[in-house]
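Let me begin by presenting the structure, written as structure tokens, before commenting on it.
The values are calculated or read from the model by the stated rules, or taken from the named source; none is laboratory data. Computed from a predicted structure; not experimentally measured. Cβ placement follows ideal geometry from the backbone for every residue including glycine, while neighbour counts extend to all protein chains displayed.
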Amino acid sequence: MKKRIPVTEKAGVGGASGKVDLSARKGSGFDDRRQSQPDAELSGAAFGLKGKVLVVGGYDQSHLPLYTAELYDPDTQVWTPTASLFYERADHVAILLPNDKVLVAGGLMHGPYVDKSVELFDPTTSEWYATLRLLALRYSFTATLLGNGKVLAAGGNYLTHSSTNEAELYDPATQVWTLTGSLNAARSHHTATLLRNGTVLVLGGLSPHYSNTAELYDPATGTWAPTSSLFFERFGHTATLLQNGKVLVAGGLGLGTTDSLDGVELYDPAVGESFATGRLHTARRYHTASLLSDGNVLVVGGLGGRYNVLDSAELYDPDTQVWTPTGSLHSPRITHTATLLTDGRVLVAGGSNSAELYDPVAGTWANTGNLTASRGYHTATLIGTKKPLRPPYLSLLLLLRETG
């Protein structure tokens with residue numbers, strides 16, 4: 001395993017003591033690594049990364065967190081290794097910043113330890129650079145790019161099954177994290193969706209039990225306010241902003257059941273209420289949901305029954321509120337990512353070392369090049385689009401606990 005310089009605060013997840021190691025804390029808050037370079041426009045070799053997908057970290061087949069990262073080229077359908085992370089991590093977050101750099105933060109390290117280190121991938125150099133660490137240890141949390149260019153990190157776990165209500169903001173201009181208003185309820189495994197009015201909608205998760213509560217973050221005031229609850233308690237669900245401004249909440253695991261939910265609801269920001277909509281054809285959790293160019297939503301894979309990993313996919317039409325089955329994956333998957341490419345196709349990667357492309361015109365899947373490493377609970381980010389693209393996050397620990 002790659003040697004790690006012990007300069008990041010971390011807390012044991014599996015250990016009995018749960019102590020936080022502060023022995024190597026640096027006064028500046030920076031890791032003892034390359035520090036982030038000034039912003040630069042995409043040019044030369046960096047421009048060649050535009051439209052490619054950066055896949056980072058995750059767990060390998062032995063459930064060990066990975067340092068490695070790789071790039072997928074949709075034109076050649078080839079995966080190529082790129083510079084490795086300083087720290088191995090899984091169940092972390094990745095956000096594409098307005099300056100085209102990719103921010104990777106938190107997650108679980110080997111041990112397992114909860115990580116608060118943060119790194120930036122710079123497409124002008126194809127290298128990783130250290131930036132200021134998170135103020136709080138977190139995994140299974142959300143990160144949302146706000147309209148003002150800052151990143152909101154909210155909730156998550158800091159120890160096994162211990163959720164936090166703390167939230168913080170990252171400013172790419174200063175590379176500084178600052179505390180902001182706390183969530184009304186501690187939660188992890190939730191979803192966070194940026195609404196058209198600039199507020200952030202947080203839904204469900206574990207708090208520490210299954211939650212149906214929802215709240216809104218206002219960047220102008222830095223405060224959270226409760227909003228209408230979901231009909232069902234759920235985690236392992238997805239929340240997708242539709243072109244009409246409503247949020248589609250689908251699937252997950254509900255309270256008092258070991259089976260997935262087929263229930264779906266729409267949150268309407270105009271009235272602050274949730275409404276039932278068409279049910280999924282196949283109940284699922286830990287799936288992915290992607291808004292396609294035509295406004296439909298593609299839901300892929302996940303867990304159906306207690307041990308049933310799914311290869312099915314289906315489409316939601318917001319106009320008719322009806323779900324329609326579409327082509328099935330070549331391989332069942334969970335802990336994968338789904339990334340909308342610039343040409344409208346969807347790249348589904350991981351849960352193994354394989355990847356597939358969905359063609360929305362034909363409604364079919366095609367195998368594409370294999371990843372250089374098997375991985376799950378990783379992140380996938382489209383380079384050079386100035387849009388945050390992330391999968392739903394969940395903890396391997398919770399999945400192992402559920403499946404026995």
| task | Say whether the condition of being in contact with a strand residue (DSSP E or B) (Cβ under 7 Å, 6 or more places away or on another chain), at pLDDT 50 or above and either buried (at least 16 other Cβ atoms within 10 Å of the Cβ) or not hydrophobic (A, V, I, L, M, F, W, C) (or both) is met by at least one residue in segment 17-32. | result | no
Of the residues in segment 312-356, those that are surrounded by fewer than 23 Cβ atoms within 10 Å (Cβ to Cβ) and modelled with pLDDT under 95 come to S352, N353
When every residue in segment 250-271 that is under 14 Å from E314 (Cα atoms) and of a type in the set (A, V, I, L, M) is compared, the one surrounded by the fewest Cβ atoms within 10 Å (Cβ to Cβ) is V264
**OP:** Please tell me if Y286 is buried (at least 22 other Cβ atoms within 10 Å of the Cβ), closer than 30 Å to L371 by Cβ and among the aromatic types (F, W, Y).
**Re:** yes
Flagged pairs (Cβ under 9 angstrom, 6 or more apart or on separate chains; first in segment 118-135, at positive phi; second surrounded by fewer than 21 Cβ atoms within 10 Å (Cβ to Cβ) and in a strand (DSSP E or B)) are S126/L71; S126/T82
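Results for (1) under 30 Å from A362 (Cβ atoms); (2) surrounded by fewer than 19 Cβ atoms within 10 Å (Cβ to Cβ); (3) out of contact with any Asp or Glu (no Cβ under 6 Å at 6 or more places or on another chain), shown as yes or no for each residue.
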| residue | (1), (2), (3) |
| --- | --- |
| T223 | no, yes, yes |
| G245 | yes, yes, yes |
| L248 | yes, no, yes |
| E273 | no, yes, yes |
| G295 | yes, yes, yes |
Scanning segment 323-366 for residues that are of a type in the set (F, W, Y) and farther than 22 Å from G236 by Cα, the one nearest to the chain's Cα centre (by Cα) turns out to be Y358
G363 fails exactly one of (1) buried (at least 16 other Cβ atoms within 10 Å of the Cβ); (2) on the phi > 0 side of the Ramachandran plot; (3) not polar (S, T, N, Q), namely (1)
For segment 258-274, pairs from a residue that is farther than 16 Å from V297 by Cβ to a residue that is polar (S, T, N, Q), with Cβ under 7 Å and 6 or more apart or across chains, are P269/N197; G272/T227; G272/S228; E273/S228; S274/S228
Reported set for segment 160-206 where residues are β-branched (V, I, T) and closer than 15 Å to T227 by Cα is T191, T193, T199, V200, V202
Listed by range, strands (runs of 3 or more DSSP E) wholly within segment 100-209 having at least 3 residues that are of a type in the set (S, T, Y) and within 26 Å of G252 (Cβ to Cβ) are none
Residue hits (segment 88-135; of a type in the set (S, T, Y) and surrounded by fewer than 22 Cβ atoms within 10 Å (Cβ to Cβ)) are T124, T125, S126, Y129
